[in-house]
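Asker: The structure follows.
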Amino acid sequence: MKMMLLFASIITFKSISGEDPLGEATDCPRIRRPWHELTQSERDLYINGLMAVRAKSSGDQDIDEFIAIASVHEDEFAPVTHKASNYLYWHGYLTWELENRIRALGGEYSCFGMPYWDFTIEAGREQTPSIFSTGLGGNGDADNYYTVNEYSWPYTTEEFWVPFNCFAQNDNYPVCSLKRALRDNFDMPTAQEIGRGIINNPDFTQFAKWYATGYNPVHLFTNVDFLQSPNPVTTSYDPIWYLFHSMVQYHQAIWTDCYDYDEIDPADLDNHPSAYKPYCVHGSCIHPSKFPTEWMGMGLDDVMHFGGTLQDKEWSYIHDNPLTVRELYHLPRWGIVYDLEKNKDFIKNQD
């Protein structure tokens, strides 16, 4: 019952100080809803919007906005972030940025909010995940390098392509098919497990390390060597990845709200190490030599490094604005709000 009570308060904005970077927190909030509770027409807002973003590039990876965002996660610096305290905020920005590119289409997309994939509903049905029947395609063709395009998803490779793993029939770099291969042995966390983790880890370092190392549901789709490290890890080129990280931010918001860390003034976060404390356990932090020193800071005001090509794009927020954990800590400042009325499945399972 404790979880029921804490969830109820997140849907509304709390009053916090600090700027609203885009002036949209109240005018056009990014209301994020659970993917499995949406109608197909509501899901199509994401699918069609994503396809419209892709169509603008006509297969040119130098101008493709989705490719620029996804390239950050495939960059060689990304593994450092996965073992550092800025993990949640770094990934959250990438989700926000794709959300922004869809909103930039205008019209019906103007107030688009990234839905979230409640992956806890997949626990026990990992071999037939429900998200595979919602318009985003399913498993790939085992006889054609696990290609998803025109196998379990109607879109052609020309309409949705990935600039890696160009092995399948008709793949022609950089226009290559999206690929997924379901793992045989993979356990999704239950809602109860996530709930216990939030309750049992009130300290930021505990929570962040537990979350970053405990669950990565999109790895359910990587059951072949060429989709796994040390080969290019292309999960960020999958439309489901952004729904997953919207859910990650949902859990982050719940944890932050549960312990009233969302009521801390951003300027005062330094005095609350239980709300945020920098750390990095990646080898490049422990024995720095490969990357510039300025990339390795994980403090509240250290500028986060984003590799890939995103920062080169004039439309990206980070092109002109350095980002820090302090700036990203409070989601409402970025117009993000979660509609919990829709996600009754996750809430009821906390009793």
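The values are calculated or read from the model by the stated rules, or taken from the named source; none is laboratory data. Being a predicted model, the structure only gives us computed values, none of them experimental. Neighbour counts run over all protein chains shown; Cβ positions are idealised from the backbone, glycine included. SASA here: full protein model, heavy atoms, side chains in, ligands and nucleic acids out. Shrake-Rupley method; radii C 1.70, N 1.55, O 1.52, S 1.80 Å.
Asker: Six or more apart or on different chains, Cβ under 6 Å: which pairs go from a residue in the range 162-183 that's of a type in the set (Ser, Thr, Tyr) to one that's part of a strand (DSSP E or B) and surrounded by 15 or more Cβ atoms within 10 Å (Cβ to Cβ)? Could you list them?
Answerer: The qualifying pairs are SER177/THR147; SER177/ASN149.
Asker: One residue is enough: does the range 195-212 have a residue meeting the conditions assigned to a loop (DSSP other than H, G, I, E, B) and open to solvent by less than 10 Å² (accessible area, probe 1.4 Å)? Give the derivation first.
Answerer: Looking only at the range 195-212, we keep the residues that are assigned to a loop (DSSP other than H, G, I, E, B), and these are 201-203.
Still in the running and open to solvent by less than 10 Å² (accessible area, probe 1.4 Å): none.
The answer is no, given that none of the residues of the range 195-212 is assigned to a loop (DSSP other than H, G, I, E, B) and open to solvent by less than 10 Å² (accessible area, probe 1.4 Å).
Asker: Taking the criterion of being surrounded by 12 or more Cβ atoms within 10 Å (Cβ to Cβ), among the hydroxyl-bearing types (Ser, Thr, Tyr) and in a loop (DSSP other than H, G, I, E, B), would at least one residue in the range 275-288 satisfy it?
Answerer: yes
Asker: Can you tell me which residue within the range 168-191, out of those that are within 24 Å of the chain's Cα centre (by Cα) and not in a loop (DSSP other than H, G, I, E, B), is farthest from ASN144 (Cα to Cα)?
Answerer: For the range 168-191, the residue satisfying everything is ALA191.
Asker: So the check is Cβ under 7 Å with 6+ separation or different chains; which pairs have a first residue in the range 267-283 that's under 23 Å from PRO79 (Cα atoms) and a second one that's open to solvent by 40 Å² or more (accessible area, probe 1.4 Å)?
Answerer: Going by the 7 Å Cβ cut-off, the qualifying pairs are CYS280/LYS83; VAL281/LYS83; HIS282/PRO79; HIS282/LYS83.
Asker: Please pick out the residue among ALA168, ALA212 that is touching a strand residue (DSSP E or B) at 6+ places or on another chain (Cβ under 8 Å) and more than 22 Å from ARG125 (Cα to Cα). Walk me through it before giving the result.
Answerer: Details: ALA212 fails: touching a strand residue (DSSP E or B) at 6+ places or on another chain (Cβ under 8 Å).
Result: ALA168 is the single residue among ALA168, ALA212 that is touching a strand residue (DSSP E or B) at 6+ places or on another chain (Cβ under 8 Å) and more than 22 Å from ARG125 (Cα to Cα).
Asker: Still on this structure: Only one of ASN139, ASN165, ASN144 is modelled with pLDDT of 95 or more, of a type in the set (S, T, N, Q), assigned to a loop (DSSP other than H, G, I, E, B) and under 24 Å from ILE63 (Cα atoms); which? Walk me through it before giving the result.
Answerer: On the way: ASN139 fails: under 24 Å from ILE63 (Cα atoms); ASN144 fails: under 24 Å from ILE63 (Cα atoms).
Matching residue, one of ASN139, ASN165, ASN144: ASN165.
Asker: If we keep just the residues of the range 289-314 that are open to solvent by 60 Å² or more (accessible area, probe 1.4 Å) and not charged (D, E, K, R), which is farthest from ASP203 (Cα to Cα)?
Answerer: Here is the first cut: in the range 289-314, the residues open to solvent by 60 Å² or more (accessible area, probe 1.4 Å) are 289-290, 293-295, 301-303, 311-312, 314.
Then drop every residue that is not not charged (D, E, K, R), which leaves 289, 293, 295, 303, 311.
Numbers: SER289: 30, THR293: 27, TRP295: 25, VAL303: 23, GLN311: 32 Å.
Among those that are open to solvent by 60 Å² or more (accessible area, probe 1.4 Å) and not charged (D, E, K, R), it is GLN311.
Asker: Can you confirm whether TRP241 is part of a helix (DSSP H, G or I), touching a helix residue (DSSP H, G or I) at 6+ places or on another chain (Cβ under 6 Å), open to solvent by 50 Å² or more (accessible area, probe 1.4 Å) and on the phi < 0 side of the Ramachandran plot?
Answerer: Answer is no for this residue.
Asker: Please indicate, with yes or no, whether at least one residue in the range 100-107 is polar (S, T, N, Q), modelled with pLDDT of 95 or more and open to solvent by less than 10 Å² (accessible area, probe 1.4 Å). Reasoning before the result, please.
Answerer: Kept after step one, since they are polar (S, T, N, Q), are these residues of the range 100-107: 100.
Narrowing further to those that are modelled with pLDDT of 95 or more: 100.
If we keep only those that are open to solvent by less than 10 Å² (accessible area, probe 1.4 Å) as well, we get none.
Taking every residue of the range 100-107 in turn, none turns out to be polar (S, T, N, Q), modelled with pLDDT of 95 or more and open to solvent by less than 10 Å² (accessible area, probe 1.4 Å).
Asker: So, one more: Tally up the residues in the range 194-218 that are touching a residue at least 12 places away in the same chain (Cβ under 8 Å) and either under 30 Å from ALA142 (Cβ atoms) or of a type in the set (Asp, Glu) (or both), please.
Answerer: 5
Asker: Got a number for residues in the range 236-264 being of a type in the set (S, T, N, Q) and in contact with an Asp or Glu (Cβ under 9 Å, 6 or more places away or on another chain)? Full working, then the answer.
Answerer: Pass one, the range 236-264, residues of a type in the set (S, T, N, Q): 236, 246, 249, 252, 256.
Those left that are additionally in contact with an Asp or Glu (Cβ under 9 Å, 6 or more places away or on another chain): 236, 246, 256.
Qualifying residue count, the range 236-264: 3.
Asker: If we scan the range 326-339, do we find a residue that is under 23 Å from PHE112 (Cα atoms), among the β-branched types (Val, Ile, Thr), open to solvent by less than 30 Å² (accessible area, probe 1.4 Å) and not in a loop (DSSP other than H, G, I, E, B)?
Answerer: Step one: filter the range 326-339 for residues under 23 Å from PHE112 (Cα atoms), giving 327-339.
Filter once more, keeping what is among the β-branched types (Val, Ile, Thr): 336-337.
From what is left, the residues that are open to solvent by less than 30 Å² (accessible area, probe 1.4 Å) are 336-337.
Filter once more, keeping what is not in a loop (DSSP other than H, G, I, E, B): 336-337.
Yes, the range 326-339 has at least one match.
Asker: Can you find even one residue in the range 135-143 that is under 20 Å from the mean Cα position of the chain (by Cα), surrounded by 15 or more Cβ atoms within 10 Å (Cβ to Cβ) and over 22 Å from ALA70 (Cα atoms)? Walk me through it before giving the result.
Answerer: Taking the range 135-143 and keeping what is under 20 Å from the mean Cα position of the chain (by Cα), we get 135-138.
Right, trim to surrounded by 15 or more Cβ atoms within 10 Å (Cβ to Cβ) and you get 135-138.
Filter again for over 22 Å from ALA70 (Cα atoms), leaving none.
Checked against the condition, which is being under 20 Å from the mean Cα position of the chain (by Cα), surrounded by 15 or more Cβ atoms within 10 Å (Cβ to Cβ) and over 22 Å from ALA70 (Cα atoms), the range 135-143 yields no hits at all.
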